[in-house]
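Working notes for the structure below.
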Amino acid sequence: MTCALAPAPTVTGPLDVLGVPGQINLDYAASAPCAQVAADAVTELLPWYASVHRGAGALSQRCTLAYERARQSVGDFLGARPDDHVVFTRNTTDALNLLARALPTGTTVVTFGGEHHANLLPWPRGPVRLPVPDHPAGAVRALDAALGELRRGCDREPPVLVAVTGASNVTGERWPLAELARVARRHRARIAVDAAQLAPHAPVDVRTLDVDYLAVSGHKLYAPFGAGVLVGRADWLDAAPPYLAGGGATSHVGVATHDVRWVTGPARHEAGTPNLLGAVALAAVCDALADADRAALHHTEQQLLSRLRDGLAELPHAVELHAFGPDAPRVGIVSFVLAGRDSAEVAARLARQHRIGVRDGLFCAHPLARRLLTEASTRSGRQDLPATALRASIGLGSTREHVDRLLAALTTLG
């Protein structure tokens, strides 16, 4: 391989990740390993575990404080504005389904065909789905044209929401969020970002990007305790019926079935006992990442990513998938195929013979993955590419040895 690497800075302390000796995890894009700081935060709180909100006991008071502090930490990490809501959910899919339920009547959703199913399937009435462009500038132009067409000739202006990923879970390619947000503003549309794959790799700030809503998953952000979050504008969320109906979401329940008054704020959509441990774990990781040298972590990841991509390029039967082109900015995700080899069989052999975990399939982004597989066949001139792909993904705790072990194992497969 031709990629020369500087010595990688050692990640120690709270951002160490837990793992099993001898097992190489290159499937971070599906679920990242647990950060030490998340495990420590949960372990510290467990003896105090009790109800959140409305409890008078010392345990309940401490847990309520920990839960609301977690909300503040996560909001700060994601750049929440003072009047934004930070709503805890199960994951990104749950957060985007919540937002879909909160859309004003008649809202048109505009998205691209390159989205994860979480950002394709929840939207009511079916979204306006734009084709996947060949480069980031094409995405900006396509959105500008689509929004212009939607607004043209309208006597009134029904709500429009643009829903887009921050980084592709198939290719790792980053989408031009700030530019897309400017286009949305120009056409008086709102914009929601699926940041599940971007937030673990790069700072994401709703104020800096000027986006309206942002969703993330704890299990991709080194906090695998079942929490996600939706951050964004309060007005739609406060006007919508509660995502869940139940205790904690009401200010009054009368005898008559219709005699219910719902609260406003995050609690409106957090009925039932909340996932305290998930929220605290996610907040702990957010605080640790906020204190870390993100530029150094990014540099290390990009070096490993280059080593992986360069090594794949040297394998005669490997073809990388990409939408924007080989030089587009991306996070630590690479999808590829081996000509003439079934991807599921390759993944199984990597696990069984080399103790390396990668992902195979269409990655819950079926329209995009199938399109890229067809394009890869045309680009490579190979007609024997499999119908599904392999994906290797890296992050905190990934090393040069992990990348080199994968490349060596792929070489032995022939």
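The values are calculated or read from the model by the stated rules, or taken from the named source; none is laboratory data. All of these numbers come straight from a predicted model, not from anything done at the bench. When we count neighbours, we look across all protein chains shown, and the Cβ atoms used for this are built from the backbone with ideal geometry, even at glycine.
Quick notes on this structure:
- Yes/no for Ala223 being at negative phi, buried (at least 18 other Cβ atoms within 10 Å of the Cβ) and either outside the structural domain of Ser335 (by TED's automatic domain parsing) or not in a strand (DSSP E or B) (or both): yes
- Taking the stretch 298-321 as the range and being under 30 Å from Val74 (Cβ atoms), surrounded by 19 or more Cβ atoms within 10 Å (Cβ to Cβ) and not charged (D, E, K, R) as the test, the residues that pass are Thr300, Leu304, Leu305.
Residues checked against (1) acidic (Asp, Glu); (2) at pLDDT 95 or above:
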| site | (1), (2) |
| --- | --- |
| Gly13 | no, no |
| Gln23 | no, yes |
| Gln36 | no, yes |
| Ala39 | no, yes |
| Glu44 | yes, yes |
| Ser51 | no, no |
| Gln61 | no, yes |
| Thr64 | no, yes |
| Leu99 | no, yes |
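- Of all the criteria given as (1) outside the structural domain of Leu78 (by TED's automatic domain parsing); (2) small (Gly, Ala, Ser); (3) in contact with a Ser or Thr (Cβ under 7 Å, 6 or more places away or on another chain), the one not satisfied by Ser306 is (3).
- Among the residues here, Val160 does not qualify as hydrophobic (A, V, I, L, M, F, W, C), over 21 Å from Leu99 (Cα atoms), in the same structural domain as Asn91 (by TED's automatic domain parsing) and crowded, with 20+ Cβ neighbours inside 10 Å.
- Search result, residues across the stretch 170-186 that are in contact with a strand residue (DSSP E or B) (Cβ under 7 Å, 6 or more places away or on another chain) and more than 12 Å from Val140 (Cα to Cα): Val170, Thr171, Gly172, Glu173, Arg174
- Output for the stretch 305-334, where each listed residue is among the charged types (D, E, K, R), in contact with a Lys or Arg (Cβ under 8 Å, 6 or more places away or on another chain) and closer than 21 Å to His135 by Cα: Glu320, Arg330
- Scanning the stretch 108-136 for residues that are under 16 Å from Leu96 (Cβ atoms), among the small types (Gly, Ala, Ser) and under 19 Å from the mean Cα position of the chain (by Cα) turns up Gly114, Ala118.
- Positions within the stretch 56-88 being hydrophobic (A, V, I, L, M, F, W, C), part of a loop (DSSP other than H, G, I, E, B), within 27 Å of the chain's Cα centre (by Cα) and over 15 Å from Leu221 (Cβ atoms), in sequence order: Ala80
- Residue check, Leu98 crowded, with 21+ Cβ neighbours inside 10 Å and either touching a Cys at 6+ places or on another chain (Cβ under 6 Å) or under 29 Å from Ala249 (Cα atoms) (or both): yes
- For the stretch 331-346, the set of residues classified as small (Gly, Ala, Ser), surrounded by 20 or more Cβ atoms within 10 Å (Cβ to Cβ) and farther than 23 Å from His201 by Cβ consists of Ser343 only.
- Test: residue in the stretch 151-169 that is in contact (Cβ under 8 Å) with a residue 40 or more places away in the chain and in contact with a Cys (Cβ under 9 Å, 6 or more places away or on another chain): yes
- For the stretch 247-268, filtered to residues that are in contact with a helix residue (DSSP H, G or I) (Cβ under 9 Å, 6 or more places away or on another chain) and touching a residue at least 24 places away in the same chain (Cβ under 8 Å), the residue that is surrounded by the most Cβ atoms within 10 Å (Cβ to Cβ) is Arg268.
- Just one of (1) in a strand (DSSP E or B); (2) out of contact with any Leu (no Cβ under 6 Å at 6 or more places or on another chain); (3) more than 13 Å from Trp175 (Cβ to Cβ) fails for Val231. It is (2).
- Leading residue by the ranking (nearest to Phe225 (Cα to Cα)) among those in the stretch 297-334 that are among the aliphatic types (A, V, I, L, M), part of a helix (DSSP H, G or I) and more than 21 Å from the chain's Cα centre (by Cα): Leu308
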